[in-house]
Amino acid sequence: MAKAKRIGTENLGRFYTEGKVRNRREWRGLADTAYDYSRWLYNWFNMARIVLVKPRNIKAMFRYRWMGNYLAVPMMVDRHTQGLRGEHLRICHAEQDIIIEDVAKLLDKLFRADRRIGNDTEFNKKVVLIDENAMQSVMMGFPGIVPLSREIASTYIPVLLNQRAALHYIDIAQEYGLAGDVCPMPEAEAGLVIDDDAPIVGCCAIQCNTTCDGSLMGNGVVYKRLTEEGIPTHQLAVPLRHREDDVQEYAAQEIRNAIAFIEEHTGEKWDWAHYFECAKRVNFATRSRLEWMEMSKTPYPQVFGSNLALYTETNYMVVNGRIPLFNEADKKISALAQKAYEKKKLVANEYRHRAIIWGVQSHYYMDFLVWLLNCWGIIPLTDMLSMVSTKIIAEEDTPENREQAIYDIAWLTENMLMRNRTHGGYKVLLDELWEFVEEFNADMVILWEHMSCKALDGMHGQFEEKAREKGIHLVWVSHDLFDPRVISRQGVRDQINSYMRTVMREEPVDPSLEVLTDEESW
Ligand code: SF4
C-alpha cells in the first residue's frame, strides 16, 4: 500500500477493459485515493446541484441527444488524473472542478433561456449567443449580459467526454450535401442546427470568422438557422494577418461595431469600470500562466500537458476575467506548483524527452498528453493552443486606456486559441515554434497533423526541413479532430509507438500502455 503512493508503481494499462469504463479506480496510497474519490463525489454532487435537480434540465436531457454525454464527466476527469499524486493530482482537480462547475452553469442557463425548454423571456432579453470561435473578451464591459455558447455545450465539450459524440452531426451535415473533407468541428456544428438539435436562445448573436473553409461553411449554415429563429446576428470579422500593424485599426473598428450591435439589441451600456476590473483579472491569469511556463523551461515542469491545455482553453477563451473564481483557481494552482517545484518533484517517475506539442490537437483524445508521459516518458511541456497572448493589457481606467482597451480587446480576439497560429502566416506557425523549442529546451516536437486543417497541412515540408536543420526529433501524429473513425485513439498511439521503437530504439516506460482496448471507452 505504501508502495502505491509513489508514482509509477502500477501499470496503468491494466485498468482498461473493452467496455466504456475501467475495471477499477487507481490506488494512489490512502490520502491521495481518498482525496481523488472525494473529488469524484464532489463532481457528481455539483452536477446534480446545478443541473439535475431542475425539472427543465431533466426535460433537456431527453430533448437533446448530446446531453447524455455529460454522464461521462467523472470518467473524463479520471482519464486526466492517470498516474498523478500529491500536488499534481490537486492541480488537476482544482482545474477540473472549476471547469465542470462553469459548464454546469452554462447548461443551466442555456435551458433556462431555451425557447423549447425554460423559455424565460425576461432572461432571454439579456442573453447574447456567442459563436464558439469567438473570444468572449467583447463581453468584458457588459456585466448585465449573459453570453452563452450553444456550440461549446453541444459539440465541443461532448467530444471531450465521449469520442463518438459528434459523429451523428458530422453524418447529418454530409447527408445534407455538405463537403466531407472539411474540419469536423464546424461540420458538426452545422450538422447540429440541420438536425434541429441546438437550444434556441438569445436576443441576438455574434458570429466570428475562423476563416478556414469548414468554419466559413459552418457559420453560413448556422447563420441561416439563426435568421429562421429570428435572432439578429452580427459578423465579427477578425483580420487574418493579425500581427501586422496596419490591420489593427480595422480590428479595433470591428470591436466597436460588435459593442454597438450588442448595446442596440440588449439595451445595455458598455461599463468601463467593469471592463477594467475584468482586465485586471485577465492580467492576473496571464501572469500565472507565464509563471507556470517559466517552470516548464527548467528540469522541473509542474503545470503542463492536459492540465495546461484544458484550463487555458477555458480561462483564456471563455472566461476573460469575467468570473472572479478563476483567479482563485489560478492562485491555488500557482501555490501547489510552487510547492512541488521547490521540492523538485516529478510528475512521472521517468522523464526521457522534452517535447513541444504543436498543431491542433485531437479532440477525441485529449488525454493523449497524459499517455505520452506515462507510456514513453515524453514531457508535453506546452502545446500550440496554450501559446496564446502573453501581453499585459491596460487595466487602469483613464481616458487614454479607454481608447487602448478597444485595441486590447481586438488583440485578444485576434489571438483566439487556434486562430492565432493557424492563421497569421509563417512567423506565428513555424518560426515561433522553433523559438519555443529553444526557450523550453525541448529535444522533440510532436506535430499533430489534423488532416482536415488545410491551414496547417500546407506547411508540412517546411516543418520537416527546419527540424532536420535543427536536429530536433519531429514526430507526425495524424488525426481527424472530432472523428475517431478516420484514425482511432490506438491509431494515434501507434504513430508514436512506431517512431519510439524504430527511430529512437527505445522501450516504453510503461509497456502496458502501448496498446489499449479503449475503442469503446468514454
Ligand atoms: S482546426 Fe483548423 S480547420 Fe478546424 S476550425 Fe481550427 S483552424 Fe479551422
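Please return the ranges of helices (runs of 4 or more DSSP H) entirely within the range 24-91 where 2 or more residues are more than 24 Å from the chain's Cα centre (by Cα). Break it down into steps so the answer makes sense when it comes.
Working: elements: 30-47, 55-63, 73-80.
Where helices (runs of 4 or more DSSP H) fall fully within the range 24-91 and carry at least 2 residues being more than 24 Å from the chain's Cα centre (by Cα), they are 30-47, 55-63.
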Single residue of Ser498, Ser478, Ser488 found to be within 14 Å of the ligand (Cβ to nearest atom) and either at pLDDT 95 or above or crowded, with 19+ Cβ neighbours inside 10 Å (or both): Ser478
The one condition in (1) within 16 Å of the chain's Cα centre (by Cα); (2) away from the ligand (no atom under 16 Å from the Cβ); (3) among the small types (Gly, Ala, Ser); (4) over 30 Å from Ser521 (Cα atoms) that Ala134 fails to fulfil: (2)
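How many residues are touching a strand residue (DSSP E or B) at 6+ places or on another chain (Cβ under 8 Å) and at negative phi when one looks only at the range 369-390?
Taking the range 369-390 and keeping what is touching a strand residue (DSSP E or B) at 6+ places or on another chain (Cβ under 8 Å), we get 369, 372-373, 376-384.
Then keep just the ones that are at negative phi; that gives 369, 372-373, 376, 378-384.
Residues that pass the stated criteria total 11.
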The range 505-519 residues that are closer than 11 Å to Phe15 by Cα, paired with ones that are assigned to a loop (DSSP other than H, G, I, E, B) (beta carbon under 8 Å, 6 or more apart): Ser512/Asn11; Leu513/Asn11; Leu516/Tyr16; Thr517/Tyr16; Thr517/Thr17; Thr517/Glu18; Asp518/Tyr16
Output for the range 219-257, where each listed residue is closer than 18 Å to Thr155 by Cβ and in contact with a Leu (Cβ under 8 Å, 6 or more places away or on another chain): Val221, Leu226
Selection count, the range 198-209, where residues are within 16 Å of the ligand (Cβ to nearest atom) and either more than 12 Å from Gln235 (Cβ to Cβ) or out of contact with any Ser or Thr (no Cβ under 8 Å at 6 or more places or on another chain) (or both): 0
Hey, Val238 assigned to a loop (DSSP other than H, G, I, E, B), within 27 Å of Glu432 (Cα to Cα) and not basic (Lys, Arg) or not: yes
The range 434-474 - residue that is away from the ligand (no atom under 16 Å from the Cβ) and surrounded by 22 or more Cβ atoms within 10 Å (Cβ to Cβ) and, of those, farthest from Asp181 (Cα to Cα): Ala442
Unmet requirement for Tyr169, which otherwise passes all of (1) of a type in the set (Phe, Trp, Tyr); (2) more than 16 Å from the ligand (Cβ to nearest atom); (3) within 30 Å of Asp120 (Cα to Cα): (2)
Failed item in (1) more than 20 Å from Glu414 (Cα to Cα); (2) more than 14 Å from the ligand (Cβ to nearest atom); (3) buried (at least 17 other Cβ atoms within 10 Å of the Cβ), with Val222 passing the rest: (2)
Residue under evaluation Leu216, criteria (1) assigned to a helix (DSSP H, G or I); (2) more than 14 Å from the ligand (Cβ to nearest atom); (3) surrounded by fewer than 19 Cβ atoms within 10 Å (Cβ to Cβ), criterion not met: (2)
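Being more than 16 Å from the ligand (Cβ to nearest atom), closer than 30 Å to Asn209 by Cβ and out of contact with any strand residue (DSSP E or B) (no Cβ under 6 Å at 6 or more places or on another chain) is true for just one of Asp114, Asp120. Which residue is that? Break it down into steps so the answer makes sense when it comes.
On the way: Asp120 fails: closer than 30 Å to Asn209 by Cβ.
Result: Asp114 is the single residue among Asp114, Asp120 that is more than 16 Å from the ligand (Cβ to nearest atom), closer than 30 Å to Asn209 by Cβ and out of contact with any strand residue (DSSP E or B) (no Cβ under 6 Å at 6 or more places or on another chain).
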Near pairs, Cβ below 6 angstrom, 6+ apart or cross-chain, from the range 195-218 (at positive phi) to any residue that is away from the ligand (no atom under 16 Å from the Cβ): Gly202/Val127; Gly202/Val128; Gly202/Leu129; Gly202/Ile231
Gly144 vs. criteria at positive phi, surrounded by fewer than 23 Cβ atoms within 10 Å (Cβ to Cβ), more than 16 Å from the ligand (Cβ to nearest atom) and not β-branched (Val, Ile, Thr): no
Every pair of residues 6+ apart whose Cβ atoms lie under 8 Å, when the first sits in the range 43-64 and is closer than 16 Å to Ala153 by Cβ and of a type in the set (D, E, K, R) while the second is at pLDDT 90 or above and not in a loop (DSSP other than H, G, I, E, B): Lys54/Asp108; Lys54/Phe111; Arg56/Phe111; Arg56/Arg112; Lys59/Phe111
Answer residue from the range 400-433, given it is buried (at least 22 other Cβ atoms within 10 Å of the Cβ) and of a type in the set (Lys, Arg) and is farthest from Tyr316 (Cα to Cα) among those: Arg421
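Hey, among the residues in the range 225-235 that are within 24 Å of Phe123 (Cβ to Cβ) and not in a helix (DSSP H, G or I), which one's farthest from the ligand (Cβ to nearest atom)?
From the range 225-235, those within 24 Å of Phe123 (Cβ to Cβ) are 225-234; that's our starting set.
If we keep only those that are not in a helix (DSSP H, G or I) as well, we get 229-234.
Numbers: Glu229: 23, Gly230: 27, Ile231: 22, Pro232: 25, Thr233: 19, His234: 20 Å.
Among those residues, the one meeting the criterion is Gly230.
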Candidate set from the range 391-433 (those that are among the basic types (Lys, Arg) and within 16 Å of the ligand (Cβ to nearest atom)); member that is farthest from the chain's Cα centre (by Cα): Arg421
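Select, from Arg256, Arg289, the only residue that is touching a residue at least 40 places away in the same chain (Cβ under 8 Å), buried (at least 20 other Cβ atoms within 10 Å of the Cβ) and not in a loop (DSSP other than H, G, I, E, B). Quick ask: steps written out before the conclusion?
Working: Arg256 fails: buried (at least 20 other Cβ atoms within 10 Å of the Cβ).
Going through Arg256, Arg289 in turn, the sole match is Arg289.
Return a yes/no flag: does the range 286-297 have any residue that is among the hydroxyl-bearing types (Ser, Thr, Tyr), within 17 Å of Lys391 (Cα to Cα) and at pLDDT 95 or above.
Within the range 286-297, the first condition is being among the hydroxyl-bearing types (Ser, Thr, Tyr), and the residues that meet it are 286, 288, 296.
From what is left, the residues that are within 17 Å of Lys391 (Cα to Cα) are 286, 288.
Imposing the further condition that a residue be at pLDDT 95 or above reduces the set to 286, 288.
Taking every residue of the range 286-297 in turn, at least one turns out to be among the hydroxyl-bearing types (Ser, Thr, Tyr), within 17 Å of Lys391 (Cα to Cα) and at pLDDT 95 or above.
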Which listed residue, of His265, His234, is out of contact with any helix residue (DSSP H, G or I) (no Cβ under 6 Å at 6 or more places or on another chain) and buried (at least 16 other Cβ atoms within 10 Å of the Cβ): His265
Residue match in the range 480-493 (condition: of a type in the set (Phe, Trp, Tyr) and either out of contact with any Gly (no Cβ under 9 Å at 6 or more places or on another chain) or part of a loop (DSSP other than H, G, I, E, B) (or both)): yes
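The values are calculated or read from the model by the stated rules, or taken from the named source; none is laboratory data. Not measured: the values here are computed from a predicted model. In this analysis, Cβ positions are derived from the backbone assuming ideal geometry, glycine residues included, and neighbour counts consider all displayed protein chains.
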